Amino acid sequence: MAAESIAPIRFESEQARVLKNEAVAAGVMRMRLEAPRLASLVQPAQFIQIQTDVGLSPFLRRPFSILRADRQAGWFDILYDVIGVGTRRLETAATGDRLDLLGPLGQAYTPPDAGRLLMVAGGVGIVPLAFLTWENDAVRETGKLLMGAASSKRMPDLDALLPDGLRVAAATDDGSSGHHGFVTDLIAENADAQTTVLTCGPHGMMARVAELTAEAGLTCFASLENHMACGFGACVGCTVEFRDPEREDRRYRRVCLEGPVVNAHQIVW
Amino acid sequence: MAVARSRFLLSSCLAHGRLTAFPLEHNDFRRSLFANLESPAPDVDLTTSICGLELRNPVMMASGTFGHAAEYAGLVDLSRLGGVVTKTITRHPRAGNPPPRTAETPSGMLNSIGLTNPGLEGFVAEKLPLLAELPTSVVVSIAGTSSEEFAEMAKAFDGRPGVDALELNISSPNMKDGGMLFGCRESSAREVTEAVKRATSLPVIVKLTPNVTDIVAIASAVEEGGADGIAMINTLLGMAIDVDSRRSILGNVTGGLSGPAIRPVALAMVWKVASRVSIPVFGMGGIQTAEDALAFLIAGASAVQVGTATFVDPWAAVEIVDGIADYCSRNELLLGDLVGSLDAGP
């Protein structure tokens with residue numbers, strides 16, 4: 001074994017100003033942050049860590065994927081479910097408030113050149129997929145996004161989140177909007193042998209996408225989320241279990257550093 | 001107390017007129033990008049010589065919170081730090097514990113990482129060559145399943161460029177086959193220390209667990225065993241439960257508590273131990289700001305380690321260095337005057 005050439009870990013800190021923070025569906029918020037430096041740096045699938053409060057509660061930062069960035073105007077958007085102490089704190093942020101950010105974190109995702117990209121999203125899992133459609137012309141022109149939510153109340157207005165012209169199909173568990181059933185039901189009719197699938201959403205949904213694509217012999221990547229202490233590889237807390245480990249100490253890999261996008265067929269769901 | 005008197009260059013400081021560059025009132029540790037690089041610290045000499053280590057200042061990165069340091073050399077200016085302690089290395093590679101591995105708790109967090117590491121051979125081949133190039137002191141943390149294994153590992157680092165000292169992790173609550181077991185009994189703590197001291201000429205720092213009845217007795221035992229220094233405290237055994245699922249939040253059920261929540265416990269233990277042993281103490285436990293670090297120094301720690309704070313602010317340790325310099329400058333104190341200066345009288 002030779003000395004490891006460690007990819008240097010670099011990211012920055014920026015004080016962002018809240019430009020907008022509003023509900024886009026039941027329990028789902030969209031926040032626009034003015035942070036010119038990070039807006040110029042973030043790439044699809046990367047995330048930022050937000051200090052939701054400058055005190056000790058919540059103690060840790062919270063990771064958020066990027067929905068869309070306007071590099072000229074110097075802002076980017078995040079979308080978040082209000083589910084815990086950190087996001088409840090974030091929900092109260094008003095226009096003009098300052099938030100301390102770290103980023104960009106995680107590896108950027110670049111889709112393969114050949115074949116169509118089929119994106120399968122659940123809930124706020126749409127975020128990194130939407131950013132990819134904004135940033136990547138080929139994905140926007142030839143790809144398709146399947147969006148699942150529990151109900152129409154939980155389904156944000158997709159036209160407001162996605163670029164014009166992107167092909168989209170929706171599903172709701174209760175049938176109140178789009179296909180009545182799981183979004184995974186729509187994969188077969190939207191894929192051919194050359195399709196690459198990229199998924200992000202609830203664990204159960206991504207596990208099902210991995211299973212279906214494995215059966216169909218399709219390449220599948222998943223953009224994972226996890227509880228994180230640091231978000232930059234130091235705490236080794238946000239690990240996910242991989243199959244066929246090369247080495248014992250590589251059985252678990254960090255979502256924050258090696259991910260967030262992983263080969264969906266290499267991990268233990 | 002085996003601490004060299006630091007020289008304090010007040011005249012040069014005044015000449016530069018930079019005495020108030022870093023206000024100590026900084027509890028929210030917010031910071032503009034690279035503030036530490038834009039505003040030079042006061043010219044205060046914080047160098048210190050502790051158990052054979054020549055440190056630029058008394059602030060180090062704690063084990064398990066900064067990887068093997070080399071990967072962050074482009075992020076944090078390591079030349080500003082007193083030193084770094086690597087993530088703990090074991091004889092064989094360890095994958096670590098099943099997730100979830102962290103849980104946020106009031107003013108802190110639990111972890112059950114489980115000493116994920118590439119093992120001795122992997123570390124020596126892949127990581128060690130990079131450590132020799134770092135512009136700061138490097139302490140390698142090791143853990144074993146027996147005194148013999150601790151000694152074997154210590155021997156493997158003897159004379160290796162890039163290793164300035166060893167820290168014996170006899171205090172991890174996340175290692176079933178060793179770890180804290182050694183640090184909970186005086187006899188085993190002494191025995192491990194003796195075995196390692198026989199195997200290496202490197203300075204040996206023993207890291208203690210707070211999960212004991214009498215930490216002073218354990219500290220005295222490792223001092224008798226020949227330890228050059230004591231690092232304390234490791235995490236407190238802790239747990240968090242999800243009442244909906246009625247399961248522990250951590251995959252390993254229990255874990256170690258760190259962060260500001262444990263700071264008062266750590267401070268009292270450091271004070272007790274530093275008052276009773278004659279070897280230097282590296283104090284740690286929830287240090288987030290210069291004020292926190294100063295409290296540990298005043299309690300008797302010769303140096304401090306910053307750990308969990310790095311997760312929230314990777315530049316926290318550098319800011320702490322600047323804050324200590326500013327405090328010494330404002331109060332016209334040498335680092336040596338500060339260490340153990342607690343007025344514990346009525």
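The values are calculated or read from the model by the stated rules, or taken from the named source; none is laboratory data. These figures come from a predicted structure and were not determined experimentally. Here the Cβ positions follow ideal geometry from the backbone for every residue, glycine too, while neighbour counts run over all protein chains shown.
Mind counting the residues in segment B:69-101 that are without any contact (Cβ under 8 Å) to a residue 40 or more places away in the chain and either more than 7 Å from chain A (Cβ to nearest Cβ) or under 20 Å from the mean Cα position of the chain (by Cα) (or both)?
2
Restricting to segment B:285-300, name every residue that is within 23 Å of residue B:228 (Cβ to Cβ), of a type in the set (Gly, Ala, Ser) and in a loop (DSSP other than H, G, I, E, B). Break it down stepwise before answering.
The initial filter retains those residues of segment B:285-300 that are within 23 Å of residue B:228 (Cβ to Cβ), namely B:285, B:287, B:293, B:296-300.
Remaining after also requiring of a type in the set (Gly, Ala, Ser): B:285, B:293, B:299-300.
Result: B:285, B:300.
Cβ-Cβ below 9 Å, separation at least six or inter-chain, first residue in segment B:45-56 and farther than 21 Å from residue B:326 by Cα and part of a loop (DSSP other than H, G, I, E, B), second at pLDDT 95 or above and among the charged types (D, E, K, R): which pairs?
That search, which allows pairs on different chains as well, returns B:51/B:228; B:52/B:164; B:52/B:228.
From the list B:156, B:195, B:189, pick out the single residue that is over 14 Å from residue B:63 (Cβ atoms), assigned to a helix (DSSP H, G or I), in contact with a strand residue (DSSP E or B) (Cβ under 8 Å, 6 or more places away or on another chain) and away from chain A (no Cβ under 14 Å). Step through it out loud before you land on a result.
Details: B:156 fails: in contact with a strand residue (DSSP E or B) (Cβ under 8 Å, 6 or more places away or on another chain); B:195 fails: in contact with a strand residue (DSSP E or B) (Cβ under 8 Å, 6 or more places away or on another chain).
The match here is B:189.
Where in segment A:1-60 are there strands (runs of 3 or more DSSP E), lying fully within it, with 2 or more residues that are more than 30 Å from residue A:147 (Cβ to Cβ) and within 14 Å of chain B (Cβ to nearest Cβ)? I'd like the intermediate steps shown before the answer.
Working: elements: A:12-25, A:28-34, A:47-51.
Strands (runs of 3 or more DSSP E) meeting the threshold: A:12-25.
Please verify whether residue B:343 is free of Cβ contacts under 8 Å to residues at least 24 places away in the same chain, surrounded by fewer than 24 Cβ atoms within 10 Å (Cβ to Cβ) and either outside any loop (DSSP other than H, G, I, E, B) or not polar (S, T, N, Q) (or both), treating the condition exactly as stated.
On the way: free of Cβ contacts under 8 Å to residues at least 24 places away in the same chain: yes; surrounded by fewer than 24 Cβ atoms within 10 Å (Cβ to Cβ): yes; either outside any loop (DSSP other than H, G, I, E, B) or not polar (S, T, N, Q) (or both): yes.
Against the criterion (free of Cβ contacts under 8 Å to residues at least 24 places away in the same chain, surrounded by fewer than 24 Cβ atoms within 10 Å (Cβ to Cβ) and either outside any loop (DSSP other than H, G, I, E, B) or not polar (S, T, N, Q) (or both)), residue B:343 qualifies.
Taking the options B:165, B:199, B:151, B:125, name whichever one is crowded, with 21+ Cβ neighbours inside 10 Å, aliphatic (A, V, I, L, M) and more than 23 Å from residue B:317 (Cα to Cα).
Working: B:165 fails: more than 23 Å from residue B:317 (Cα to Cα); B:151 fails: crowded, with 21+ Cβ neighbours inside 10 Å; B:125 fails: crowded, with 21+ Cβ neighbours inside 10 Å.
Exactly one of B:165, B:199, B:151, B:125 is crowded, with 21+ Cβ neighbours inside 10 Å, aliphatic (A, V, I, L, M) and more than 23 Å from residue B:317 (Cα to Cα), namely B:199.
Confirm whether residue A:195 is of a type outside the set (Lys, Arg) and buried (at least 22 other Cβ atoms within 10 Å of the Cβ). So that I can check it myself, show each step before the final result.
On the way: of a type outside the set (Lys, Arg): yes; buried (at least 22 other Cβ atoms within 10 Å of the Cβ): no.
Here the answer is no, as residue A:195 does not meet what is asked.
Can you give me the number of residues within segment B:105-123 that are part of a helix (DSSP H, G or I) and facing another protein chain (nearest Cβ under 9 Å)?
Residues of segment B:105-123 part of a helix (DSSP H, G or I): B:119-123.
Applying the additional criterion that residues be facing another protein chain (nearest Cβ under 9 Å) yields B:119, B:121-122.
Matching residues across segment B:105-123 total 3.
Taking segment A:203-224 as the search range and keeping residues that are more than 14 Å from every other protein chain (Cβ to nearest Cβ) and not in a helix (DSSP H, G or I), which one is surrounded by the fewest Cβ atoms within 10 Å (Cβ to Cβ)? Can you show your working first?
Within segment A:203-224, the first condition is being more than 14 Å from every other protein chain (Cβ to nearest Cβ), and the residues that meet it are A:204-223.
With not in a helix (DSSP H, G or I) added as a condition, the list becomes A:217-223.
On the way: A:217: 7, A:218: 21, A:219: 16, A:220: 25, A:221: 25, A:222: 29, A:223: 28.
So the residue we want is A:217.
Test residue A:7 against the criterion of being at pLDDT below 95, in contact with a helix residue (DSSP H, G or I) (Cβ under 9 Å, 6 or more places away or on another chain) and farther than 17 Å from residue B:311 by Cβ, and give yes or no. Give the steps one after another, and end with the answer.
Values: at pLDDT below 95: yes; in contact with a helix residue (DSSP H, G or I) (Cβ under 9 Å, 6 or more places away or on another chain): yes; farther than 17 Å from residue B:311 by Cβ: yes.
It is true that residue A:7 is at pLDDT below 95, in contact with a helix residue (DSSP H, G or I) (Cβ under 9 Å, 6 or more places away or on another chain) and farther than 17 Å from residue B:311 by Cβ.
Quick check: is even one residue across segment A:227-239 without any contact (Cβ under 8 Å) to a residue 60 or more places away in the chain and out of contact with any Gly (no Cβ under 9 Å at 6 or more places or on another chain)?
Checked segment A:227-239: at least one residue is without any contact (Cβ under 8 Å) to a residue 60 or more places away in the chain and out of contact with any Gly (no Cβ under 9 Å at 6 or more places or on another chain).
Within segment B:301-339, can you find the residues that are acidic (Asp, Glu) and outside any helix (DSSP H, G or I)?
Narrowing segment B:301-339 to residues acidic (Asp, Glu): B:313, B:319, B:322, B:326, B:332, B:337.
B:313, B:332 - these are the residues of segment B:301-339 that are acidic (Asp, Glu) and outside any helix (DSSP H, G or I).
Just the residues that are under 19 Å from the mean Cα position of the chain (by Cα) and not in a strand (DSSP E or B), please, taken from segment A:165-180.
Residue satisfying the conditions is A:166 alone.
With the requirement that a residue be within 26 Å of residue A:205 (Cβ to Cβ) and within 11 Å of another protein chain (Cβ to nearest Cβ), what does segment A:225-250 give you?
Filtering segment A:225-250 for residues within 26 Å of residue A:205 (Cβ to Cβ) gives A:225-229, A:231, A:237-245.
A:226, A:227, A:228, A:229, A:231, A:237, A:238, A:239, A:240, A:241, A:242, A:245 - these are the residues of segment A:225-250 that are within 26 Å of residue A:205 (Cβ to Cβ) and within 11 Å of another protein chain (Cβ to nearest Cβ).
Can you tell me which condition residue B:277 does not meet? The list is (1) surrounded by fewer than 16 Cβ atoms within 10 Å (Cβ to Cβ); (2) touching an Asp or Glu at 6+ places or on another chain (Cβ under 9 Å); (3) of a type in the set (A, V, I, L, M, F, W, C), and all the others hold.
Among (1) surrounded by fewer than 16 Cβ atoms within 10 Å (Cβ to Cβ); (2) touching an Asp or Glu at 6+ places or on another chain (Cβ under 9 Å); (3) of a type in the set (A, V, I, L, M, F, W, C), the lone unmet condition for residue B:277 is (1).
Restricting to segment B:168-186, and then to whatever is in contact with a helix residue (DSSP H, G or I) (Cβ under 7 Å, 6 or more places away or on another chain) and crowded, with 19+ Cβ neighbours inside 10 Å, can you tell me which residue is modelled with the lowest pLDDT?
The selected residue is B:173.
Filter segment A:90-110 for residues that are of a type outside the set (A, V, I, L, M, F, W, C) and crowded, with 19+ Cβ neighbours inside 10 Å and give the result.
Narrowing segment A:90-110 to residues of a type outside the set (A, V, I, L, M, F, W, C): A:91-92, A:95-98, A:100, A:103-104, A:106-107, A:109-110.
Result: A:100, A:103, A:104, A:106, A:109.
Quick check on segment B:82-93. Is at least one of its residues assigned to a loop (DSSP other than H, G, I, E, B), within 18 Å of residue B:314 (Cβ to Cβ), at pLDDT 95 or above and not hydroxyl-bearing (Ser, Thr, Tyr)?
If we filter segment B:82-93 for residues that are assigned to a loop (DSSP other than H, G, I, E, B), which is where we start, we get B:82, B:86-88, B:90-93.
Then drop every residue that is not within 18 Å of residue B:314 (Cβ to Cβ), which leaves B:82, B:86-87.
In the following step, the residues that additionally are at pLDDT 95 or above were identified as B:82, B:86-87.
The next check asks that each one be not hydroxyl-bearing (Ser, Thr, Tyr); those that pass are B:82, B:87.
Yes, because at least one residue in segment B:82-93 is assigned to a loop (DSSP other than H, G, I, E, B), within 18 Å of residue B:314 (Cβ to Cβ), at pLDDT 95 or above and not hydroxyl-bearing (Ser, Thr, Tyr).
Regarding segment B:203-216, can at least one residue be identified that is at negative phi, in a helix (DSSP H, G or I) and at pLDDT 95 or above? If you could, list the steps in order and put the result at the bottom.
Taking segment B:203-216 first, the residues at negative phi are B:203-216.
Now narrow it down to the ones that are in a helix (DSSP H, G or I): B:215-216.
Of the ones still in play, those that are also at pLDDT 95 or above are B:215-216.
Yes: one or more hits.
Within segment A:75-83, identify whether any single residue is facing chain B (nearest Cβ under 9 Å) and either closer than 30 Å to residue B:289 by Cβ or in contact with a Lys or Arg (Cβ under 6 Å, 6 or more places away or on another chain) (or both), and answer yes or no.
Start the filter on segment A:75-83 by keeping residues that are facing chain B (nearest Cβ under 9 Å), which leaves none.
The answer is no; no qualifying residue exists.
Select from segment A:222-237 the residues that are touching an Asp or Glu at 6+ places or on another chain (Cβ under 9 Å) and under 22 Å from residue B:119 (Cα atoms) and list them in ascending order. Quick ask: steps written out before the conclusion?
Taking segment A:222-237 and keeping what is touching an Asp or Glu at 6+ places or on another chain (Cβ under 9 Å), we get A:227, A:229, A:233-234.
Within segment A:222-237, A:233, A:234 meet the criteria.
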